[in-house]
Amino acid sequence: MFETLLLNFLFLLFPVVIVLIFFENRTHSYNRKMLILLSAVTMILCIAKPIKLEMGFIFDLRYIPFIIVALFGGYKNVLPLYLILNICRFYVGGGGTIPSFLYSTAVFILIPLFSKKFLKLDSKSRILCATVISFLTMGFYLIILSMILGTLDRQFWTLTFHALTTHVVVMGIIMLLIEKIITNIKNRDRILQSERLNVVSELAASVSHEIRNPLTVTSGFLQLLNKSNTITPVEKGYIELSLQELNRAEKIVSDYLSFAKPQSENMVYSNMKAESEYTKNLILPYATIHQVEVQFSFNNSLNKSYDRNQIQQCLINLYKNGIEAMKDKGGGTLIIDISERKQNIIISIQDTGIGMTKEEISRLGKPYYSTKEEGTGLGMLMAYSTINKVKGIIEVDSEKGKGTTFVITIPT
Ligand code: ADP
Ligand code: MG
């Protein structure tokens, strides 16, 4: 019995290991299909090699991959597993086919209900949650079995004991591995992003500083020239255009300059009330033009030291993106909420705009990534860089067509 148990454990490890080695890069869309396929294979292997107890009862671990996929993927992803499970079961046939079908249907309907909440939990709670659900699912199965059997002898209780402990322990271990892989991937992404920001900010600081002086000088002389009486209106037009373009260049450079190291004269120790209100008022006209209603709430007493200009620029960039996302939808609501939680300042910026796909989210904050015609793709880069400097993190939750929420967590 111990050997079959180990074998089953190996089956369950198999998709975890394969994914870890070959499909770690989440941005590919075939990843999800591959995971479902691997889980299906695992499930079939588990059904084919059930664990036989000495007294003749058998049980297997088919519901472990099933529950994991249901929790992480919801109805859409677990449906293929549900179909495969029942096709296999009908193929095998026998007396238990109909109860098994009803049972799996109940599991299929109930467990994905928790999927959305489950995904919002932190790593430890997810492990606990999956283990408890696995325990309950198996408990439910055993209760049904006891009703079919009628008599509850010692053998039944031995089966109960074995089945429950195996499910709980195996589920716990597999979830531990999965969560560890997820954390590792997240950490690696964070390190990559912060490396990228370091390079960009060093380069930007030096380049933009050097370019600013010639720009100011040129624009000054052009303005003088513009005032001259001897130039024709056509020439005046050329000068106006040049000035406009110079202004644009200046704007891009000042966006760049804010990537630079925090400047000591801008450093403040405060709770962000002044900055968030100032920037909100600044973008109100822009919001009104695009029929966007702005809701603002502030509830934070924690203080933090930061570069005032950079935080303001960062907030403006995020507000602007939110408004721009709602522009083509003919308006919407921008909800800005600043609060505190466990010694962290939480800034949440929510819009009801066009939203983003997973792939688009993963490209956020890369230099020059923009989907807008006039976009620079520097806004998010600046936001990430600023938040990175105050040791905070930005989390993005977005649904295509529905809207986006940025949640910034800044430790104090
Ligand atoms: P830009 O705004 O100049 O395009 P950003 O760096 O500010 O550059 O944003 C990069 C891209 O990220 C945008 O072009 C847009 O596609 C996407 N994006 C950013 N914020 C949002 C949002 N709130 N909703 C939808 N898409 C967004
Ligand atoms: Mg922008």
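Which ³J(HN,Hα) values in Hz, rounded to whole numbers, follow from the phi angles of region 404-412 under the Karplus curve 6.51 cos²θ - 1.76 cosθ + 1.60, where θ = phi - 60° and Gly and Pro get x?
Values, residue by residue: 9, 10, 9, 10, 9, 10, 10, x, 10 Hz.
Let me check something: with ligands and nucleic acids excluded, how do Asp328, Asp189 order by accessible area (1.4 Å probe), largest to smallest?
Working: Asp328 135, Asp189 55 Å².
Correct descending sequence by accessible area is Asp328, Asp189.
Suppose every K and R has +1 on its Cβ and every D and E has -1 on its Cβ; what is the size of the dipole of region 293-412 about the Cα centre, in Debye to the nearest 20?
It comes to approximately 360 debye.
Got a sec? Charge dipole of region 195-257, +1 on Cβ for Lys and Arg, -1 for Asp and Glu; which of Val207, Asn247, Leu222 is way out at the positive end?
The listed residue farthest towards the positive side: Leu222.
Give, as a single signed number, the net charge of other residues whose beta carbon lies under 13 Å from the beta carbon of Asn226, with Lys and Arg counted +1 and Asp and Glu -1. Don't jump to the answer; show the numbers that get you there.
Details: positive: Lys227, Lys236; negative: Glu235, Glu240.
Surrounding charge for Asn226 is 0.
Which Cα, out of Thr376, Ile111, Thr405, lies furthest along the positive dipole direction of the chain (beta carbon charges, K/R +1, D/E -1)?
Ile111
I'd like the distance separating the alpha-carbon centroids of region 345-379 and region 71-147, in whole Å.
37 Å
In terms of the Cα gyration tensor, with a ≥ b ≥ c the square roots of its eigenvalues, is the chain rounded because a/c is under 1.5, prolate because a/b exceeds b/c, or oblate? Could you put the intermediate results ahead of the total?
Working: a/c = 2.97, a/b = 2.82, b/c = 1.05.
It is prolate, given that a/c is not under 1.5 and a/b is the larger ratio.
Using a ≥ b ≥ c from the Cα gyration tensor of region 2-192 (square roots of the eigenvalues), is it rounded, prolate or oblate, where a/c under 1.5 gives rounded and otherwise the larger of a/b and b/c decides, a/b for prolate?
Because a/c hits 1.5 or more and a/b exceeds b/c, region 2-192 counts as prolate.
If you place +1 on the Cβ of every Lys and Arg and -1 on the Cβ of every Asp and Glu, how big does the dipole about the Cα centre of region 17-95 come out, in debye to the nearest 20?
Magnitude of the dipole: close to 200 debye.
Order of 103-112, 286-295 by packing, highest average Cβ count within 10 Å first?
Answer by packing, highest mean first, reads 103-112, 286-295.
In a Gaussian network model over the chain where Cα atoms closer than 10 Å are linked, find which of Met326, Met382, Met55 has the largest mean-square fluctuation.
Comparing Met326, Met382, Met55 in the GNM, the peak value goes to Met55.
Which of the aspartates and glutamates could be linked to Lys304 by a straight reach, that is with a Cα gap under 19 Å, when you skip same-chain ones fewer than 8 residues away?
Glu265, Glu275, Glu277, Asp337, Glu340
Take peptides 114-120, 90-96 and line them up by average Cβ neighbours within 10 Å, highest first, as a rough protection proxy. Spell out each step's value before the answer.
On the way: 114-120: 13.6, 90-96: 10.1.
So the order, starting with the most tightly packed, is 114-120, 90-96.
Which residue, Phe135, Phe72, Phe161, tops the fluctuation ranking in a GNM of the chain built on C-alpha contacts under 10 Å?
Phe161
Mind checking the dipole of the chain: about its Cα centre, +1 per Lys or Arg Cβ, -1 per Asp or Glu Cβ, Debye to the nearest 20?
700 debye
Which one of Cys129, Thr279, Ser348 has its Cα pushed farthest toward the positive end of the charge dipole of the chain, where Lys and Arg give +1 and Asp and Glu give -1 at the Cβ?
Cys129
Could you state how much accessible area Val200 has, in square angstrom rounded to the nearest 10, with a 1.4 Å probe and all protein chains kept in place?
Its accessible surface works out to 30 Å², give or take rounding.
Per residue, how much accessible area does the chain have with a 1.4 Å probe, in Å²?
Working: 23400 Å² over 412 residues.
Ligands and nucleic acids excluded, the figure is 57 Å² per residue.
Using a 1.4 angstrom probe with every protein chain in place, what is the largest-first accessible-area order of Asp153, Asp397?
Values: Asp153 70, Asp397 95 Å².
Ranked list, largest accessible area first: Asp397, Asp153.
At 222 nm, what value in deg cm²/dmol follows for the chain if DSSP H runs of at least 4 each add -39500 (n - 2.57) and the sum is divided by all its residues, to the nearest 500?
Mean residue ellipticity at 222 nm (helix-derived): -23000 deg cm²/dmol.
Connecting C-alpha atoms closer than 10 Å in a GNM of the chain, tell me which of Ile181, Ile354, Ile148 has the biggest fluctuation.
Ile148
If you roll a 1.4 angstrom probe over the protein chains with everything in place, what fraction of the accessible area of the chain belongs to carbon and sulfur, to the nearest %?
Details: 14680 of 23400 Å².
Carbon and sulfur: 63 percent of the exposed surface of the chain.
The values are calculated or read from the model by the stated rules, or taken from the named source; none is laboratory data. Keep in mind that this is a model prediction, so the values were computed, not measured. Glycine also receives a Cβ, built like all others from the backbone with ideal geometry; neighbour counts cover every protein chain displayed. Accessible surface is based on the protein model in full, side chains and every heavy atom, while ligands, DNA and RNA are left aside. Shrake-Rupley method; radii C 1.70, N 1.55, O 1.52, S 1.80 Å.
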